[in-house]
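Enquirer: The structure under discussion is supplied below as structure tokens; questions concerning it will follow.
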Amino acid sequence: MLEPLLEVALDLSANLRPYERYRRLIAVARRMISCDAIALLRLEGEVLVPVAVDGLRGEAIARRFMPREHPRLAAILDANGPIRFGDVAIPDPFDGLFANRGDVLSRAHACMGCPLIVEGEVIGVLTLDAIEPTAFDAVKDETVAMLAALAGAAIHTTILAETLDELAVRNQLVARQLVREALDRVGGELLGMSAGMVRVRHEIEMLAGSDLTTLITGETGVGKELVAHAIHVKSRRRDKPLVHVNCAALPEALAESELFGHVRGSFTGAIDHRAGKFEVADGGTLFLDEIGELPLSIQPKLLRAVQSGEVQRVGSDKTLRVDIRVVAATNRDLSEEVRAHRFRSDLFYRLSVYPLHVPPLRERREDIPLLSGHFLDRAQQKLGVGQLRLNVEARARLRDHGWPGNVRELEHVILRAALRASEGRRDDTIVIHDEHLGIDSTDHRVGGPTAPAVKRSLREAVDAFTQDLITTTIAECDDNWAEAARRLGLQRGNLHRLAARLRHGS
Ligand SMILES: Nc1ncnc2c1ncn2[C@@H]1O[C@H](COP(=O)(O)OP(=O)(O)OP(=O)(O)O)[C@@H](O)[C@H]1O
Ligand SMILES: [Mg+2]
């Protein structure tokens, strides 16, 4: 039961967009509690604003709720912890907004809510609804309270990040500080004594002494981001910013302004001057992560900036010189992308001045014991438990597994196994067994939206299945939509449309 919560807790420290953070939180909540609708609302002044909803019609997200008009929301805001509503006389704030059977839900159904309290202050609410009136009878208050605590932390993190963001834009020093903190967080040491890793470390040393543009390639989870940080930290630019741009998360319409900045009034929403990532990285390193996902339309402009070292803010006719070193990373085969006309060949050649390939974990199994030991230490610190050890079978299992998710998968497997093995134990030494690794069970999802035995049409069943498959695949791909689309055999745009249609239930 703790596992999904751990995922959310880990997400909090990850560099996710707020929307993604909330969406993942809600997905986890639905896996833990079987319900038909769930909503996370943030209190902004007097108004409750939905930041993530599931099982409600799409328009719910655009609604604003005044607590005094919605007695249930007012009661949740006043409560100290989870509360349940049985009285059908008190209207539900989401009446008419439920994606399924709106009319049924508005009569008798199960409803729970919990205020989100951070440092003694109420900052929002979490609500859960189910068609089946007894659906929440077995749900413990503590479970909901824990979800609410995490939701509170997620919203709090966003509020802090927003404040920091504003400062960072005004003041490059703050940006630099943030970068340092991010660096500390990444922790940076590239472990491994295999021939493959020794070669990678050697190449890093060599590249760090130069300003060569570097393209880091390798499967997901092999450590590309860690390599990029190592190059920066060992280079003469180490005291200057390392600016991370996740190309997969750049919305096409805003990409140019994100990269190059804009001047006030250059487009709707450009309320102030803003520096782009190129400018912020001046003197340092610009890390273009997931470069294979960069929209084609932006590629020529990026190429020009990389080639000339000059950028122009959107809406300005002034050019600015920047001194940056470019490091890019991708888990795609870019030459294949070029052949398929999804990536421009001129940009590809410009970026791959020095290609650095990080080998998959299955090609350097000698590193598994060392990496496992490192992750066991980290798990021990994180969980505050006794010495963690692997028994012989567990070690053999780790050695023989295929590791499609590479080092990241190993890290997660060990953390989960440590959690399972140490549950309820205070021993000085905790031994992790083969079963704790959960490597062979292909499906360890708990319940899920399709769980309750409700009669429904084929279309509804197919939609529920599709939605579940999409959610799981996206989670497995660490929120990389492009990768998820590839695994599902869909175009990325179509995946977005399909997901939106299913979410909005139309
Ligand atoms: N050699 C290593 N030593 C220690 N930790 C490592 C090593 N390689 C990877 N890791 C850890 O594994 C996780 C995944 O690494 P990273 O994020 O760099 O992968 P990636 O190649 O960028 O993956 P993706 O393509 O999915 O973005 C991180 O937590 C990282 O710290
Ligand atoms: Mg990465």
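The values are calculated or read from the model by the stated rules, or taken from the named source; none is laboratory data. The structure presented is a predicted model; accordingly, all values stated were derived computationally and were not measured. So basically every Cβ, Gly included, is an ideal-geometry build from the backbone, and we count neighbours across all protein chains shown.
Enquirer: In this structure, does GLY113 turn out to be within 32 Å of the chain's Cα centre (by Cα), assigned by TED's automatic domain parsing to the domain that holds GLU46 and surrounded by fewer than 17 Cβ atoms within 10 Å (Cβ to Cβ)?
Expert: It is false that GLY113 is within 32 Å of the chain's Cα centre (by Cα), assigned by TED's automatic domain parsing to the domain that holds GLU46 and surrounded by fewer than 17 Cβ atoms within 10 Å (Cβ to Cβ).
Enquirer: I would also like to ask the following. Kindly evaluate ALA208 against the criterion of being more than 16 Å from ligand 2 (Cβ to nearest atom), assigned by TED's automatic domain parsing to the domain that holds SER316 and either buried (at least 18 other Cβ atoms within 10 Å of the Cβ) or of a type outside the set (D, E, K, R) (or both). Before the answer, list the steps.
Expert: On the way: more than 16 Å from ligand 2 (Cβ to nearest atom): yes; assigned by TED's automatic domain parsing to the domain that holds SER316: yes; either buried (at least 18 other Cβ atoms within 10 Å of the Cβ) or of a type outside the set (D, E, K, R) (or both): yes.
Criteria met by ALA208.
Enquirer: Checking the conditions here, which among LEU288, LEU370 is at pLDDT below 90, within 16 Å of ligand 1 (Cβ to nearest atom), hydrophobic (A, V, I, L, M, F, W, C) and at negative phi? It would help to see each step written out before you state the result.
Expert: Values: LEU288 fails: at pLDDT below 90.
Residue meeting the stated conditions: LEU370.
Enquirer: Let me ask something else. Scan (1) among the aliphatic types (A, V, I, L, M); (2) under 23 Å from the mean Cα position of the chain (by Cα); (3) more than 16 Å from ligand 1 (Cβ to nearest atom) for the single condition VAL263 breaks and write down its number.
Expert: Only one criterion is unmet by VAL263, namely (2).
Enquirer: Any residue in segment 216-245 that is outside the structural domain of ASP333 (by TED's automatic domain parsing) and within 11 Å of LEU286 (Cα to Cα) sitting within a Cβ distance under 8 Å of a residue that is within 14 Å of ligand 2 (Cβ to nearest atom) and modelled with pLDDT under 95? List the pairs, counting only those 6 or more apart or interchain.
Expert: From residues that are outside the structural domain of ASP333 (by TED's automatic domain parsing) and within 11 Å of LEU286 (Cα to Cα), there are no pairs.
Enquirer: So, in segment 232-260, of the ones that are within 16 Å of ligand 1 (Cβ to nearest atom) and assigned to a helix (DSSP H, G or I), which residue ends up surrounded by the most Cβ atoms within 10 Å (Cβ to Cβ)?
Expert: Checking each candidate, the answer is HIS232.
Enquirer: Looking only at residues that are assigned to a helix (DSSP H, G or I), more than 10 Å from ligand 1 (Cβ to nearest atom) and touching a helix residue (DSSP H, G or I) at 6+ places or on another chain (Cβ under 8 Å) in segment 197-231, which one is nearest to GLY402 (Cα to Cα)?
Expert: In the first step, residues of segment 197-231 are kept if they are assigned to a helix (DSSP H, G or I); the result is 197-208, 224-231.
Adding the requirement that they be more than 10 Å from ligand 1 (Cβ to nearest atom) leaves 198-199, 202-208, 231.
Applying the additional criterion that residues be touching a helix residue (DSSP H, G or I) at 6+ places or on another chain (Cβ under 8 Å) yields 204-205, 207-208, 231.
Details: ILE204: 27, GLU205: 30, LEU207: 31, ALA208: 32, ILE231: 28 Å.
The extreme case among them is ILE204.
Enquirer: Test of understanding: among THR217, THR213, which residue is within 17 Å of TYR354 (Cα to Cα) and within 14 Å of ligand 2 (Cβ to nearest atom)?
Expert: On the way: THR213 fails: within 14 Å of ligand 2 (Cβ to nearest atom).
So the residue among THR217, THR213 that is within 17 Å of TYR354 (Cα to Cα) and within 14 Å of ligand 2 (Cβ to nearest atom) is THR217.
Enquirer: Additional query: Kindly indicate whether any position in segment 84-97 is touching a Phe, Trp or Tyr at 6+ places or on another chain (Cβ under 8 Å), crowded, with 20+ Cβ neighbours inside 10 Å and not in a loop (DSSP other than H, G, I, E, B).
Expert: no
Enquirer: Counting only residues that are within 25 Å of the chain's Cα centre (by Cα) and part of a loop (DSSP other than H, G, I, E, B), how many does segment 25-76 have?
Expert: Our first condition is that a residue be within 25 Å of the chain's Cα centre (by Cα); within segment 25-76, this holds for 25-44, 48-62.
Those still in the list that are part of a loop (DSSP other than H, G, I, E, B) too: 33-36, 55, 57.
Number of matching residues: 6.
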